[in-house]
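The values are calculated or read from the model by the stated rules, or taken from the named source; none is laboratory data. For clarity, every value in this text was computed on a predicted model and none was experimentally measured. Every residue, glycine among them, receives a Cβ derived from its backbone with ideal geometry; neighbour counts consider all protein chains shown. Quick note on the areas: whole protein, heavy atoms, side chains included, nothing else; ligands and nucleic acids left out. Shrake-Rupley method; radii C 1.70, N 1.55, O 1.52, S 1.80 Å.
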Amino acid sequence: MDHFTRRDGELWCEDVALSRIAREVGTPTYVYSRATLTRHYRVFEEAWSPVEHLICFAVKACSSLGVLSVLARLGSGFDIVSVGELERVLRAGGQPQRIVFSGVGKRDDEIARALEVGVHCINVESVEELTIVHEVATRLGRIAPISLRINPDVDAGTHPYISTGLRTSKFGIAMADARRAYGVAASLAGLRIVGVDCHIGSQLQDLAPIAEAMRRLLALVDELATDGITVEHLDLGGGLGIRYDQEVPPSPAEYARHLLGELGDRPLRIVLEPGRVIAGNAGVLLMQVLLTKHNEGKRFVVVDAGMNDAIRPALYGAHHGIEPVAAVDSELSPADIVGPVCESGDFFARDRAFPHVTRGALLAMRSVGAYGFAMSSQYNSRPRAAEVLVDGDRYHVIRARESVDDLMKGETVAPEAV
Ligand code: LLP
C-alpha cells in the first residue's frame, strides 16, 4: 500500500498535488512519501515481533539523508556497504550499534572506521577478509564483531544481475568451506564471532529459495555448536520483492511467518536487510514531456528525465508504471517513453499503451524509491534530480537539484602543455 492517489483525476502524494511540486521545485524530481516509508517499515518490523530481531535498512536502495533520517527516527538499523554509506547513516541519526557492514571488498580504512564507531557486525565474505579484519582490529586494539556471509547455493529465481546466492557468484563463502572458515575466525584473537549471514538475491517473488537457504544456514549453526562455536544471530539479508507490474510477491507478514516456521526454538536473534520492500513503492520520479515525435510510424514521448536519473529499465529491462499526473481523456496507443540521453538504451518504456500527451505534460514513474536516485549519475553532464519528501500536506526539499557548477565541482582545466 502506498500514499500516491488520484484526487479529481490528478495524482497526489499524501496531501500534496504532484503538479504543485513540479511547479515549485521543477523536474525531474524524486518524490517520496513519508507515510509510505513509515508504513512499510512498521509492517516489516511488526512481522518479526515474535522473535528478537534487528531490521537493517539496505542503504544502497536509497541513501538520501532525508529518507535515512525518517527510518532512523523509527528506530531502524542499517545495512551498509561502504564508508560513504556509514557516514550518511551517522549523519542521518542512525545508531552505530544497529549497523551491519556488508560487501565483498572493504578497504582497510573502511573497516577501521566501522570498528572505531562500533558497528554491530562486519559481514565478512572470505577467509582472506577474515585475516584483514583481524589485522585492522589488532592494530586499533579492538575486537571486531563478525559474521560470515555464507553462500547457500540456492537459485533465487530472479534477474541474473541481482541473484547472488549461487555457488558460482562472487559473494560469500561456499557452504562446503563454511565450517573451516569459522574455525579460522575462532582462532583469530582480533575477532568475535556473532553471526551467520546470507543474501541470496533481490526482488524475490517466491519464499522457497530463501526458506531453503535458511534451512542450510540453520544446519550450519547446529554443526558449529558441535565445534564449540556459538552464534548469536542469523542474518537472512534482504531481497523481498515488490509489485512493479503483475507480480504478486509475498507480504512481509507471509515472509516472516514462513521463515519463523523454520527457526524452531533456537534462541537466535534474526537480522534482516530489506531495501526495496521498504522504499520501492514509496517514491516516484516526476518528469515533464519535452516533445513527442513519430519515426516510421512509431510514437516517441521524450521526457526530461533519462537513464542517468533512473537506470533500471535500461540495465535490467525493468518495468515501471508510468502515468500522466493530470488525467488524460484519450485512447491508449503504443508509445516509447524515452529520455534525452544519447543511447538507444535510454528508455523508460517500450510499446507501452499510453494516452495522448503533449509537450509540457507531467508524468510520474512509479516504484522508483529503491535503486532510483541511488543509482543515478551525471552521464551526459546532466545535473542529478532534486528530491522531495512529502509529509502530510507539506513537503521538504531533501536534496537540491544539482547546478552546472556542482557538475564540475573539483575539476580543473589542464595547464598548458610543457
Ligand atoms: N543485503 C545485501 C547484502 C544486498 O546485497 C542487498 C541488495 C540487500 C541487502 C537489499 O536487497 P533488497 O531488499 O533491496 O532486495 N539495483 C538492483 C538491486 C540490487 C540489489 C543489490 N543488493 C535493482 O535495481 O533491482
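What the table shows:
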item	result
Unmet requirement for His319, which otherwise passes all of (1) touching a residue at least 24 places away in the same chain (Cβ under 8 Å); (2) farther than 17 Å from Arg366 by Cβ	(2)
Residue in the stretch 18-26 that is within 22 Å of Ser367 (Cα to Cα), crowded, with 18+ Cβ neighbours inside 10 Å and within 16 Å of the chain's Cα centre (by Cα) present	no
In the stretch 353-393, the residues that are out of contact with any helix residue (DSSP H, G or I) (no Cβ under 7 Å at 6 or more places or on another chain), open to solvent by less than 40 Å² (accessible area, probe 1.4 Å), more than 20 Å from Ala17 (Cβ to Cβ) and of a type outside the set (S, T, N, Q)	Phe354, Gly372, Phe373
Residues satisfying the stated conditions in the stretch 253-287, i.e. closer than 28 Å to Ser376 by Cα and part of a helix (DSSP H, G or I)	Arg276, Val277, Ile278, Ala279, Gly280, Asn281, Ala282
All positions within the stretch 169-208 that are more than 18 Å from Val127 (Cβ to Cβ), open to solvent by 20 Å² or more (accessible area, probe 1.4 Å) and of a type outside the set (D, E, K, R)	His199, Gln203, Gln205, Leu207, Ala208
Filtered residue count, the stretch 277-300, keeping only those that are surrounded by 24 or more Cβ atoms within 10 Å (Cβ to Cβ) and away from the ligand (no atom under 11 Å from the Cβ)	7
Verdict on Gly372 being at negative phi, within 16 Å of the ligand (Cβ to nearest atom) and small (Gly, Ala, Ser)	yes
Residue in the stretch 31-38 that is polar (S, T, N, Q), open to solvent by less than 40 Å² (accessible area, probe 1.4 Å) and in a helix (DSSP H, G or I) present	yes
Number of the exception - Glu323 against (1) in contact with a strand residue (DSSP E or B) (Cβ under 7 Å, 6 or more places away or on another chain); (2) of a type in the set (Asp, Glu); (3) not assigned by TED's automatic domain parsing to the domain that holds Ile21	(3)
Residue among Val303, Val277 that alone is within 14 Å of Thr358 (Cβ to Cβ), in contact with a strand residue (DSSP E or B) (Cβ under 9 Å, 6 or more places away or on another chain) and of a type in the set (A, V, I, L, M)	Val303
Qualifying residue in the stretch 251-273 (condition: in contact with a strand residue (DSSP E or B) (Cβ under 7 Å, 6 or more places away or on another chain), within 13 Å of the ligand (Cβ to nearest atom) and under 18 Å from His159 (Cβ atoms))	no
Thr131 away from the ligand (no atom under 12 Å from the Cβ), among the hydroxyl-bearing types (Ser, Thr, Tyr) and assigned by TED's automatic domain parsing to the domain that holds Arg257	yes
Single unsatisfied condition, Arg257 versus (1) surrounded by fewer than 17 Cβ atoms within 10 Å (Cβ to Cβ); (2) not assigned by TED's automatic domain parsing to the domain that holds Asp79	(2)
Inter-residue pairs, beta-carbon under 7 Å, first aliphatic (A, V, I, L, M) and in the stretch 57-83, second more than 13 Å from the ligand (Cβ to nearest atom) and in a loop (DSSP other than H, G, I, E, B), 6+ apart	Leu65/Ala92; Leu68/Ala92; Leu68/Gly94; Ala72/Ala92; Ala72/Gly93; Ala72/Gly94
Tally, over the stretch 39-58, of residues that are in a loop (DSSP other than H, G, I, E, B) and aliphatic (A, V, I, L, M)	1
Those residues of the stretch 302-360 which are of a type outside the set (A, V, I, L, M, F, W, C), touching a Phe, Trp or Tyr at 6+ places or on another chain (Cβ under 9 Å) and within 16 Å of the ligand (Cβ to nearest atom), in sequence order	Asn308, Asp309, Arg312, Pro313, Tyr316, His319, His320, Gly321
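Quick grid of which residues meet (1) within 16 Å of the ligand (Cβ to nearest atom); (2) modelled with pLDDT of 95 or more; (3) of a type in the set (Phe, Trp, Tyr):
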{"position": "Ile162", "(1), (2), (3)": "yes, no, no"}
{"position": "Gly172", "(1), (2), (3)": "yes, no, no"}
{"position": "Ala181", "(1), (2), (3)": "no, yes, no"}
{"position": "Ala185", "(1), (2), (3)": "no, yes, no"}
{"position": "Ile193", "(1), (2), (3)": "no, yes, no"}
{"position": "His199", "(1), (2), (3)": "yes, yes, no"}
